[in-house]
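Written out below as structure tokens is the structure these notes cover.
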Amino acid sequence: MSGLGEGSERVPNGSGQVIEAMIEIPVYKMDGTASGSVSLDETLLGGEVRPALLKQAYVTMHANRRQGNSANRDRGLKEGSTRKLYRQKGTGNARMGQVRTNVRRGGGVAFAKTPKSWRQAMPTKMRRLANRNALLSKCLDGEIKVVDGLDFKAPKTSEFAKLLGALSIDRKCLFAAEQDDANAILSARNIKSVSICQVGQINAFDLLNHRYLLISKASLESYLAELKPTKKEAA
């Protein structure tokens, strides 16, 4: 999460202030050759990267994915009588209570775990800003790969692996797909380093867990169009 992205510039205006230009994200064909670029307005994605917000969103989403159902059986959940095994004194043995105590074999667990909810709350506006901010971080670091159409005539894993090689994707990759990209989804699902999500489900947790984001040009443009404020919101 550093500096300016590929194709972005700092343009000074007449008063000497520095204005951020639009980020230019390169667009590639499926063979890896350049096919143009997509202009992206930083303000749609938060304007600047906020590391503290991204960390808070990551921790919250990670906690909310925990099942929290680990549990042990304490002495109250074990089978057996609550009767004292033998009298307190006069037997020569160490004093002993019920058979279900945790010091005996087969007894309950001391300080047993119980089901717990790890869920954390996060305001909706903060969560949405974090999702956009994570995408901005990918743009600035040049870790978003935009393809001008994902034309897979049939599901074929080798073709998708060839696409990853042509785009120099050598680490974990998040593939944001549309429902219409059925052949592309089927081609990508058997590759261990590739995770698949719907374009509308792009979130900060998945983006930060993967080095690259692979998305088609049309899908990216439709995603950015939904982020633009309406006339009512702008007013």
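The values are calculated or read from the model by the stated rules, or taken from the named source; none is laboratory data. Not measured: the values here are computed from a predicted model. Note that each Cβ is placed from the backbone with ideal geometry, even for glycine, and that neighbours are counted across all protein chains shown.
Before we move on, is ALA34 exposed (fewer than 15 other Cβ atoms within 10 Å of the Cβ), at pLDDT 95 or above, among the hydrophobic types (A, V, I, L, M, F, W, C) and in the same structural domain as PRO229 (by TED's automatic domain parsing)? When the stated conditions are applied, ALA34 does not pass them. Summed over region 187-208, residues that are under 25 Å from GLU226 (Cα atoms), aliphatic (A, V, I, L, M), in contact with a Phe, Trp or Tyr (Cβ under 9 Å, 6 or more places away or on another chain) and in contact (Cβ under 8 Å) with a residue 24 or more places away in the chain total 4.
Only residues that are at pLDDT 90 or above and either buried (at least 16 other Cβ atoms within 10 Å of the Cβ) or under 20 Å from VAL146 (Cβ atoms) (or both) were counted across region 46-55, and they come to 4.
Just to confirm my filter: which strands (runs of 3 or more DSSP E) fall fully inside region 133-235 and include at least 2 residues that are surrounded by fewer than 17 Cβ atoms within 10 Å (Cβ to Cβ)?
It comes to 194-198.
Out of ALA161, ALA121, ALA134, ALA184, report the one residue that is in contact with a Phe, Trp or Tyr (Cβ under 8 Å, 6 or more places away or on another chain) and either under 16 Å from MET61 (Cα atoms) or assigned by TED's automatic domain parsing to the domain that holds GLU24 (or both).
Working: ALA161 fails: in contact with a Phe, Trp or Tyr (Cβ under 8 Å, 6 or more places away or on another chain); ALA121 fails: in contact with a Phe, Trp or Tyr (Cβ under 8 Å, 6 or more places away or on another chain); ALA134 fails: in contact with a Phe, Trp or Tyr (Cβ under 8 Å, 6 or more places away or on another chain).
Answer to the check: ALA184.
Filtering ILE185, ILE191 for residues that are in contact with a strand residue (DSSP E or B) (Cβ under 7 Å, 6 or more places away or on another chain) and aliphatic (A, V, I, L, M) leaves a single hit, ILE185.
Looking for whichever is under 30 Å from GLY36 (Cα atoms) and either not acidic (Asp, Glu) or not assigned by TED's automatic domain parsing to the domain that holds ILE25 (or both) here; the options are LEU85, LEU129. Which one fits?
Of the residues listed, the single one that is under 30 Å from GLY36 (Cα atoms) and either not acidic (Asp, Glu) or not assigned by TED's automatic domain parsing to the domain that holds ILE25 (or both) is LEU129.
Here ARG104 qualifies as basic (Lys, Arg) and assigned to a loop (DSSP other than H, G, I, E, B).
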